[in-house]
Amino acid sequence: MKWIIKNWLILAAGIILTALAVRYAYHERGYIAAGSEWTVLPFMFLLRTLCREIKEEAKRWL
């Protein structure tokens, strides 16, 4: 539960973007399929981790 509270913004944005990506992919293909549109939520967490690491590295350089 603490993890969900700590990451609620990323979870909410990821779920919304995943829903939009799935809807877009469905309209493009014309049928439901499991493609890369389902990786939006994990990508959000990857992006957050990369941003934190870049920020820490920039602090070390400065």
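Using DSSP to define loop residues, name the chymotrypsin sites (Phe, Trp or Tyr not before Pro) in the chain whose beta-carbon has at most 10 other beta-carbon atoms within 10 Å. Kindly include the intermediate steps, with their values, before the conclusion.
Values: sites: TRP3, TRP8, TYR24, TYR26, TYR31, TRP38, PHE43, PHE45, TRP61; in loops: TYR31.
Counting only loop positions with at most 10 other Cβ atoms within 10 Å, the chymotrypsin sites (Phe, Trp or Tyr not before Pro) in the chain are TYR31.
How much accessible surface area, in Å² rounded to 10, belongs to the heavy atoms of THR18 with a 1.4 Å probe?
For THR18, the solvent-accessible surface is approximately 20 Å².
Helix 40-61 against the longest principal axis of the chain: what's the angle in degrees, Cα atoms only, rounded to the nearest 10?
Here the helix axis deviates by roughly 20 degrees.
Can you tell me the dipole magnitude for the chain around its Cα centre, using point charges on the Cβ only (Lys, Arg +1; Asp, Glu -1), in Debye to the nearest 20? Spell out each step's value before the answer.
On the way: 9 positive and 5 negative charges, 60 e Å.
So the magnitude is around 280 debye.
Please report, as a whole percent, how much of the solvent-accessible surface of the chain comes from carbon and sulfur atoms (probe radius 1.4 Å).
70
Taking 8 Å as the Cα distance limit and 6 or more residues as the minimum spacing, I'd like the relative contact order of the chain as a percentage.
33
Which net charge results for the neighbourhood of THR49, defined as the other residues with beta-carbon distances under 13 angstrom from its beta-carbon, given Lys and Arg at +1 and Asp and Glu at -1?
Residues near THR49 contribute 0 overall.
Considering the dipole of the chain built from charges on the beta carbon (Lys and Arg +1, Asp and Glu -1) around the Cα centre, which of ALA58, PRO42, TYR31 is farthest to its positive end?
Of the listed residues, the answer is ALA58.
Could you tell me the largest-minus-smallest coordinate of the C-alpha atoms of the chain on each of the three principal axes, in descending order and whole angstroms?
51, 29, 13
The values are calculated or read from the model by the stated rules, or taken from the named source; none is laboratory data. Because the structure is predicted, anything quoted here is derived from the model rather than measured. Every residue, glycine among them, receives a Cβ derived from its backbone with ideal geometry; neighbour counts consider all protein chains shown. Surface areas here come from the heavy atoms of the whole protein model, side chains and all, with no ligands, DNA or RNA. Shrake-Rupley method; radii C 1.70, N 1.55, O 1.52, S 1.80 Å.
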